[in-house]
């Protein structure tokens, strides 16, 4: 019996196994919503008990945090790129490459840190000065609503993918259509008379 089952099983490269894994692991809905909503609850409780915080102050603080972190990384990146001996370039040419590489790395870090800090601080500014209950509602709503939309969209795409996937019986029987050959008449080799 085991040999019969082993012979009927599709090979490991068959798409049936990817579908089986996909079907057995649907995207989570609850946890991706609960985590941002609970962070929002805590942020809203803390912000609701504090005086009001404006968006302009949030933007200034985000620029200061991103600027300090990118300046520190710039110094570190220039030193690492200048001392890196794996590129086999002359010492006088290393400074230019180290400066340009340091600027590129620190600019990328500035953008990432600025966006993350601005998002968190604007989230805090929306909750601040409102009181603990209203702040918690705003915080949970601002964190949970986008996460709920993203999780529901992922679940809907998963359901649609499950509905469109062909069944195993049809996958096994799927064959490539036979090639059809059209005959081309041979040209006349004799001259016309």
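Just so you know, all these numbers are worked out from the coordinates, no wet-lab data involved. Since the structure is predicted, the reported quantities are computational estimates derived from the model, not experimental observations. Cβ atoms come from the backbone with ideal geometry, glycine included; neighbour counts cover every protein chain shown.
If you rank 136, 115 by fewest surrounding Cβ atoms within 10 Å, what's the result?
Working: 136 22, 115 12.
Listed from fewest to most nearby Cβ atoms, that is 115, 136.
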Exercise. Each label point is 7 Å from the Cα along the Cα-to-Cβ direction; what then is the distance between the points at residue 95 and residue 35, in nm?
Worked result: 4.6
Exercise. Any idea what angle helix 91-127 forms with the longest principal axis of the chain, computed on alpha-carbon atoms, 0 to 90 degrees, nearest 10?
Worked result: 80
Exercise. Can you give the angle from 0 to 90° between the axis of helix 15-24 and the longest principal axis of the chain, with both taken from C-alpha atoms, to the nearest 10?
Worked result: 40
For this session: Consider the candidate values (1) 0.93; (2) 1.31; (3) 1.00; state which one is Rg/Rh (Cα atoms, Kirkwood Rh) computed from the structure displayed.
Result: (2)
Exercise. In a GNM of the chain with a 10 Å cut-off on Cα contacts, which of 124, 53, 16 has the highest mean-square fluctuation?
Worked result: 16
For this session: Express in nm, to one decimal, how much length is gained between residue 116 and residue 181 on full extension, taking 0.36 nm for each residue of separation and deducting their alpha carbon distance.
Result: 17.2 nm
Seminar exercise, completed: In nm, the gap between the two label points placed 7 Å beyond Cα toward Cβ at residue 163 and residue 86 is 5.0
For this session: Could you let me know the centre-to-centre spacing of the range 28-45 and the range 114-137, using Cα atoms, in angstrom?
Result: 14
Exercise. With the Cα gyration tensor of the range 3-87 giving a ≥ b ≥ c as the square roots of its eigenvalues, does the rule (a/c under 1.5 for rounded; else a/b larger than b/c for prolate; else oblate) give rounded, prolate or oblate?
Worked result: oblate
Seminar exercise, completed: Computed over the chain: longest principal axis from alpha-carbon atoms vs helix 132-164 long axis, angle to nearest 10 degrees, is 10
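State the extension gain, in nm to one decimal, for the chain segment bounded by residue 12 and residue 155, taking 0.36 nm per residue of separation less the distance between their alpha-carbons. Before the final figure, lay out each step's value.
Working: separation 143, 0.36 × 143 = 51.48 nm, distance 2.67 nm.
Between residue 12 and residue 155, full extension yields 48.8 nm more.
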Seminar exercise, completed: Computed on Cα atoms only, the convex hull of the range 54-127 has an orientation-averaged projected area in nm² of 4.9
Exercise. Among 91, 156, 60, which one moves the most in a GNM of the chain with springs linking Cα atoms closer than 10 Å?
Worked result: 91
For this session: Using a Gaussian network model of the chain whose springs link C-alpha atoms within less than 10 Å, name the residue from 14, 25, 88 with the highest mean-square fluctuation.
Result: 88
